[in-house]
Amino acid sequence: MAETTADALIQLEQAAHVCNDEDETKRLAANDHLREMAKALVEFKATKYCFIMQPSVLVRLLENHGNYVKFSHDNKVLFTFAEHLLSANN
């Protein structure tokens with residue numbers, strides 16, 4: 001179950017693996033090896049669902065699902081994985 005956070009800001013690391021599709025994010029979040037391969041792919045070339053976000057940015061946290069988070073950046077809803085979070089501030 002998702003933990004919703006009101007007005008929390010999170011810092012993404014440099015070169016964070018970010019996706020625009022929640023189903024794809026859930027699929028990758030469930031398998032470490034698959035996620036590593038997907039990140040290696042998008043470091044070479046962005047895909048339909050995922051890309052590398054440069055540089056490190058501060059974004060608004062919408063939901064924390066444990067192994068991935070839903071966030072808002074530039075009026076878009078995006079997703080990233082827990083290992084790409086640097087900090088969380090309320």
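Applied to segment 25-36, the Karplus parametrisation 6.51 cos²θ - 1.76 cosθ + 1.60 on θ = phi - 60° returns per-residue 3J(HN,Hα) values of 4, 4, 4, 6, 5, 7, 9, 4, 5, 4, 5, 4 Hz, with x for Gly and Pro. Rolling a 1.4 angstrom probe over segment 22-86 with all protein chains present gives an accessible area of which 53% lies on carbon and sulfur atoms.
Annotation: amide H-H contacts under 5 Å for Tyr68 (H modelled 1.01 Å from N, sequence separation of 5 or more, or interchain): Ala82.
Over the chain, DSSP H runs of length four or greater, each weighted -39,500 (n - 2.57), average out per residue to a 222 nm ellipticity of -7000 deg cm²/dmol. Segment 20-36 and segment 39-57 have Cα centres separated by 13 Å. Would you look at the GNM of the chain, springs on alpha carbons closer than 10 Å, and say which of Leu62, Leu34, Leu12 moves the most? So, out of Leu62, Leu34, Leu12, the one fluctuating most is Leu34. Remark on Val57: its backbone amide H falls under 5 Å from those of Leu12, a criterion applied only to residues 5 or more positions apart or on other chains, H modelled at 1.01 Å from N.
For the chain, what relative contact order do you get, as a whole percent, if you take Cα pairs closer than 8 Å and at least 6 residues apart? Numbers along the way, then the final one.
Numbers: 175 pairs, mean separation 40.6, N = 90.
The value is 45 percent.
Three principal axis extents of the chain based on alpha-carbon atoms, in descending order, are 34, 29, 21 Å. Accessible area per residue (1.4 Å probe, heavy atoms of protein chains only) ranks His65, His17 as His65, His17, with the largest value leading. Calculated accessible area for segment 1-82 comes out at 58 Å² per residue, all protein chains present (probe 1.4 Å; ligands, DNA, RNA ignored). Highest GNM mean-square fluctuation among Asn20, Asn31, Asn64, for the chain modelled with Cα contacts below 10 Å: Asn31.
The values are calculated or read from the model by the stated rules, or taken from the named source; none is laboratory data. Keep in mind that what you see is a predicted model, and the values were worked out from it rather than measured. For accessibility, only protein heavy atoms count, side chains too; no ligands or nucleic acids. Shrake-Rupley method; radii C 1.70, N 1.55, O 1.52, S 1.80 Å.
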